[in-house]
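Taking it in order: structure first as structure tokens, then the write-up.
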Amino acid sequence: MNDKIYYDSLFAFYGELLTERQQRICEAYYSDDNSLQEISEAENISRSAVYDAVKTCRKELDSYESKLHLYESYRKRIKIYEKIREKGDAEISSLVDELINTETD
């Protein structure tokens, strides 16, 4: 999996645990796909400060995932939902869709 996609996913699970500044930088970098230069200009900090913040965020997000495993569990559940959908009829597929929607809300 692409690193940016992976960390964007972790950010979706654990972003609220980061500081407000880290949240802004991570959202701009991972979710909005801004460059380090664009973020440095928006935050009025150096490009290297943005790089350091992104690096720190990665470490923190990895730490949260290694302790809590929320993203790993989510991916496992989605795979199981897909298997159930393949085996079931329209009513079961509809229920699986509801389950998936509760995961992404």
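The values are calculated or read from the model by the stated rules, or taken from the named source; none is laboratory data. Remember, it's a predicted structure, so these values are computed and weren't measured experimentally. Neighbour counts are summed over all protein chains in view; Cβ atoms, including those assigned to glycine, are modelled from backbone coordinates with ideal geometry. Surface areas here come from the heavy atoms of the whole protein model, side chains and all, with no ligands, DNA or RNA. Shrake-Rupley method; radii C 1.70, N 1.55, O 1.52, S 1.80 Å.
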Exercise for the section: Compute the long axis of helix 90-104 from its Cα atoms, compare it with the longest principal axis of the Cα atoms of the chain, and write down the angle in degrees, 0 to 90, nearest 10. Expected result: 20
Handout entry: Links that overshoot a 29 Å alpha carbon limit, given the list K59/K87; K67/K87; K4/K87; K4/K76; K59/K83
Key = K59/K87; K67/K87; K4/K87; K59/K83
Problem - Cα long-axis angle, helix 47-68 against the chain (0 to 90 degrees, to the nearest 10) - result: 30
Handout entry: Compactness index (Cα Rg / 2.2 N^0.38 Å), the chain
Key = 1.33
Completion exercise
Taking every other residue with Cβ under 14 Å from the Cβ of H69 and scoring Lys and Arg +1, Asp and Glu -1, one gets +1
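What does the C-alpha gyration tensor say about the overall shape of the stretch 1-44? Classify as rounded when a/c is under 1.5, otherwise prolate if a/b is larger than b/c, or oblate.
The shape class here is oblate.
Which value, in debye to the nearest 20, gives the size of the charge dipole of the chain about its Cα centre, when Lys and Arg are +1 and Asp and Glu are -1 at the Cβ? Can you show the working numbers first?
Numbers: 15 positive and 23 negative charges, 104 e Å.
That gives the chain a dipole magnitude of about 500 debye.
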Exercise for the section: Would you mind telling me which residue in E27, E91, E72 has the biggest mean-square fluctuation in a Gaussian network model of the chain, where springs connect alpha carbons within a distance under 10 angstrom? Expected result: E91
Fill in the blank from the handout: Taking Lys and Arg as +1 and Asp and Glu as -1, residues besides V50 with C-beta under 12 Å from its C-beta add up to 0
Problem - Cut-off 15 Å (backbone N to label point 7 Å along Cα→Cβ of R24), residues of the stretch 51-74 - result: 51, 53-54
Practice task
Determine the per residue accessible area of the chain with all protein chains present and a 1.4 angstrom probe, expressed in square angstrom.
Solution key: 68
Exercise for the section: Taking each pair of different alpha-carbon atoms in the stretch 8-69 once, compute 1/r for the pair, average those values, and report the inverse of that mean as the Kirkwood hydrodynamic radius in Å to one decimal. Expected result: 11.5
